[in-house]
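Visitor: Structure in structure tokens, see below.
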Amino acid sequence: MAAPSMERVVSLCKRRGFIFANSEIYGGIASTWDYGPLGVELKNNVMRAWWRSVIYERDDMEGLDAAILMNRLVWRYSGHEATFSDPLVDCRECKSRQRADHLKDGKCPNCGSSNLTDPRNFNLMFKTTVGPVESEENAAYLRPETAQGIFANFANVQQAMRRKLPFGIAQIGKAFRNEITPGNFIFRTLEFEQMEMEYFVPPPEAQEWFRYWVDARVAWHLRYGIRESHLRVREHDPEELSHYSSATSDIEYLFPMGWSELEGIAHRGDFDLRAHTEASGTKLEWVDGEERYVPYVIEPSAGADRAT
């Protein structure tokens, strides 16, 4: 049986009260959606199932709800200010904007023209101002991921809950990305809900835990009824890896628009904890007697909207 078209999915979701276009009475806003009476229940069920699985059914995980706004230095020293960007090109013919790394044969996907501007980096973070005066000193960002709130609170959680390694910290929350080419309904939107955990492990055990979490997250999706034929694991090539990752595997689902990421599992090493330790002067490390080291981190990160 052929997969339904995206247009049919969108139309059905509106008619049945699952998902509506945001601000529709004023013409809407690109790639922003509202969950209707049935949609909000479905999405909440997804998030409750994830929370139950990673928090209540395990004895090695703690929950967290970090704020959306953080000190700007968090994003500077996590590398987001410098590297969290996509290459942007403009088509001089149809005036559309595209990601340069998504072009085929160097041509605009809208009109087929090769008359494009040179690529320039476009930072994906939404910038705002804290306080009454708009200035660079008062600049802040809407978080593009929930992970940094966990890293900043690593020592707080570990000490307050008296945790020994390995253990994890999990949270569900909004993230925001000023995408160049959002779309495909709720697959890629300007704001979205992340279900994310950071699992802290001794460095020699990191690869073993990375494989464990890939298998565990595949099992979770199958547990809740996703067809095995519509699920696969794809390992990232070296040139695909993020600046913090030494290995990443995507759990992909066969959406109406084709195979795309449903959840990513990243081996972040000690990049984040070490970067924040060096920048802040606060030691984000594991100490047990004479033993002292910065833990490695395995990050399973799922989108509640994509799972919905």
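The values are calculated or read from the model by the stated rules, or taken from the named source; none is laboratory data. As the structure is a computational prediction, the values presented were derived from the model and not from experiment. Here Cβ is always computed from backbone atoms with ideal geometry, including for glycine, and neighbour counts include all displayed protein chains. Heavy atoms of the whole protein, side chains included, go into the accessibility calculation; ligands, DNA and RNA do not. Shrake-Rupley method; radii C 1.70, N 1.55, O 1.52, S 1.80 Å.
Visitor: For region 218-274, give me each residue that is at positive phi and in contact (Cβ under 8 Å) with a residue 24 or more places away in the chain.
Guide: Going residue by residue through region 218-274, those that are at positive phi are 225, 258, 269.
Answer for region 218-274, where residues must be at positive phi and in contact (Cβ under 8 Å) with a residue 24 or more places away in the chain: just Gly269.
Visitor: Please list, ordered by first then second residue, the pairs with beta carbon atoms under 8 Å, 6 or more apart or interchain, first in region 109-122 and farther than 9 Å from Glu93 by Cβ and among the basic types (Lys, Arg), second at pLDDT below 85 and part of a strand (DSSP E or B).
Guide: Once the first residue is farther than 9 Å from Glu93 by Cβ and among the basic types (Lys, Arg) and sits in region 109-122, its partners that are at pLDDT below 85 and part of a strand (DSSP E or B) give Arg120/Pro87; Arg120/Leu88.
Visitor: Suppose we filter region 14-34 for residues that are under 25 Å from Trp220 (Cβ atoms) and free of Cβ contacts under 8 Å to residues at least 40 places away in the same chain; how many remain? Give the derivation first.
Guide: At the first step, the residues of region 14-34 found to be under 25 Å from Trp220 (Cβ atoms) are 18-19, 33.
Among the residues that remain, those that are also free of Cβ contacts under 8 Å to residues at least 40 places away in the same chain are: 18.
Looking only at that region, the number is 1.
Visitor: Here's a follow-up. I'd like the residue in region 100-133 that is outside any loop (DSSP other than H, G, I, E, B) and among the hydroxyl-bearing types (Ser, Thr, Tyr) and, out of all such residues, is nearest to the chain's Cα centre (by Cα).
Guide: Going residue by residue through region 100-133, those that are outside any loop (DSSP other than H, G, I, E, B) are 100-102, 104, 107, 116, 120-123, 127-129.
Remaining after also requiring among the hydroxyl-bearing types (Ser, Thr, Tyr): 128-129.
Working: Thr128: 20, Thr129: 23 Å.
Applying the filter and picking the extreme gives Thr128.
Visitor: Something else about it: When you scan region 86-99, how many residues do you find that are part of a strand (DSSP E or B) and either of a type in the set (Lys, Arg) or free of Cβ contacts under 8 Å to residues at least 24 places away in the same chain (or both)? Outline the logic, then answer.
Guide: As a first pass, look at region 86-99 and keep what is part of a strand (DSSP E or B): 86-91, 97-99.
Among the residues that remain, those that are also either of a type in the set (Lys, Arg) or free of Cβ contacts under 8 Å to residues at least 24 places away in the same chain (or both) are: 97, 99.
Here the count works out to 2.
Visitor: For region 1-43, enumerate the residues that are loosely packed, with under 14 Cβ neighbours inside 10 Å, on the phi < 0 side of the Ramachandran plot and of a type in the set (S, T, N, Q).
Guide: Selection gives Ser5, Ser11.
Visitor: Tell me the strands (runs of 3 or more DSSP E) entirely within region 134-218 that contain at least 3 residues that are of a type outside the set (Phe, Trp, Tyr), farther than 26 Å from Asp86 by Cα and open to solvent by less than 40 Å² (accessible area, probe 1.4 Å).
Guide: Working: elements: 139-141, 167-176, 191-201.
It comes to 167-176.
Visitor: Taking region 219-236 as the region of interest, how many residues are part of a loop (DSSP other than H, G, I, E, B) and open to solvent by less than 70 Å² (accessible area, probe 1.4 Å)?
Guide: Filtering region 219-236 for residues part of a loop (DSSP other than H, G, I, E, B) gives 224-227, 236.
Those still in the list that are open to solvent by less than 70 Å² (accessible area, probe 1.4 Å) too: 225-226, 236.
Number satisfying all stated conditions: 3.
Visitor: Could you please let me know if Thr129 is surrounded by 13 or more Cβ atoms within 10 Å (Cβ to Cβ) and not small (Gly, Ala, Ser)? Break it down into steps so the answer makes sense when it comes.
Guide: Details: surrounded by 13 or more Cβ atoms within 10 Å (Cβ to Cβ): yes; not small (Gly, Ala, Ser): yes.
The answer is yes for Thr129.
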